[in-house]
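The values are calculated or read from the model by the stated rules, or taken from the named source; none is laboratory data. What you see is a predicted model; the values in this text were computed from it and never measured. Ideal geometry is used to build each Cβ from the backbone, glycine not excepted, and the neighbour counts take in all protein chains shown.
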Amino acid sequence: MNVASALPLRRAAGTLLLLIAGAIAAGVPLAMAADPAGTVFITGASRGIGLELAREYADRGWHVIATARRPADAPELAKLAATHPGVTLEQLDVTDLARIDVLAAKYRDQPIDVLINNAGIAGPVPGQMLGRMNFELLRQVLDTDAVGPMKLSEALLPNVIASHQKKIVTLSTSEASFAKIDAGRLYWYRAAKAAVNMLMLNLAYDVRKKGVAVALINPGPVDTDMMKGVPMKLQPAAEAVPKVIGIIDRLNLENTGKFWDYAGGEVPW
């Protein structure tokens with residue numbers, strides 16, 4: 001090889017070294033800096049935070065397994081899959097435990113670097129107000145926000161263990177923080193999210209010895225259908241999701257089992 005033909009290779013090598021050095025300085029693990037692509041499994045990806053998570057990971061070049069209760073009613077997700085060959089759509093209602101088992105069997109040999117339990121519901125406010133409580137609604141919120149994520153995490157745990165990054169993430173809320181309660185509201189939603197927090201904290205201790213890191217993340221107030229009508233400033237999903245992914249990037253066995261705030265701090269239990 002002559003000097004002229006070797007120059008492009010040297011430049012490429014130099015660029016790669018600079019990228020790795022920059023990633024290390026930013027706190028990104030070396031393995032990820034050298035090989036950023038992986039596989040992420042995201043629930044509730046039809047809209048809002050889930051859709052933006054799918055979009056961000058797809059733009060990174062990841063293989064994205066994006067689930068929705070009704071894929072036929074998720075045009076933006078379908079468009080994303082049409083423009084990104086690495087995006088796979090799957091039908092999943094996280095309250096359908098049998099369907100979770102079917103997907104786990106289908107992806108039995110697929111390592112999953114990051115499992116993101118994003119799907120969740122708040123439930124209608126009137127049905128969880130004192131004096132008007134709908135206890136069937138409580139069951140629905142618990143099944144979606146707590147039981148489903150736990151079942152999926154258990155079913156796909158072998159996939160996560162088989163992966164390079166080994167991360168399980170559940171999106172929670174500051175409304176589930178006992179320390180932050182200052183009024184009675186959203187009984188069912190708060191209870192379900194507090195339940196999933198405890199489930200995932202248990203899981204973090206149980207799977208740490210298998211090399212798996214677990215995180216709960218409060219994405220903050222985000223402009224989604226769930227938050228419509230809330231009288232507060234909301235972040236666009238496109239601004240909130242990179243913060244969430246930044247926390248996921250930093251997740252490791254040293255900080256597993258934490259309840260993260262979108263700003264990078266911790267939410268008190």
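Candidates in segment 144-166 are the residues that are assigned to a helix (DSSP H, G or I) and of a type in the set (Ser, Thr, Tyr); of these, the one that is nearest to ILE245 (Cα to Cα) is SER153.
Annotation note: Cβ proximity below 7 Å between a residue of segment 104-119 that is within 18 Å of ALA58 (Cβ to Cβ) and a residue that is at pLDDT 95 or above and of a type in the set (D, E, K, R) (sequence gap 6+ or interchain) occurs for ASP113/LYS167; VAL114/LYS167.
Residues checked against (1) polar (S, T, N, Q); (2) crowded, with 19+ Cβ neighbours inside 10 Å; (3) over 16 Å from the mean Cα position of the chain (by Cα); (4) not in a helix (DSSP H, G or I):
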position	(1), (2), (3), (4)
ILE168	no, yes, no, yes
ASP182	no, no, yes, yes
ALA192	no, yes, yes, no
TYR205	no, no, yes, no
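Looking across segment 155-166 at every residue that is more than 11 Å from ALA213 (Cα to Cα) and in contact with a Gly (Cβ under 8 Å, 6 or more places away or on another chain), the one that is surrounded by the most Cβ atoms within 10 Å (Cβ to Cβ) is identified as SER163. Going by the conditions given, is ALA238 part of a helix (DSSP H, G or I), exposed (fewer than 14 other Cβ atoms within 10 Å of the Cβ), under 16 Å from the mean Cα position of the chain (by Cα) and not hydroxyl-bearing (Ser, Thr, Tyr)? Spelling it out, ALA238 is indeed part of a helix (DSSP H, G or I), exposed (fewer than 14 other Cβ atoms within 10 Å of the Cβ), under 16 Å from the mean Cα position of the chain (by Cα) and not hydroxyl-bearing (Ser, Thr, Tyr).
The set of residues from segment 135-172 being farther than 14 Å from VAL114 by Cα and touching a Pro at 6+ places or on another chain (Cβ under 8 Å) comprises just one member, LEU137.
Kindly evaluate LEU201 against the criterion of being surrounded by fewer than 21 Cβ atoms within 10 Å (Cβ to Cβ), in a loop (DSSP other than H, G, I, E, B) and aliphatic (A, V, I, L, M). Judged against the criteria, LEU201 is not a match.
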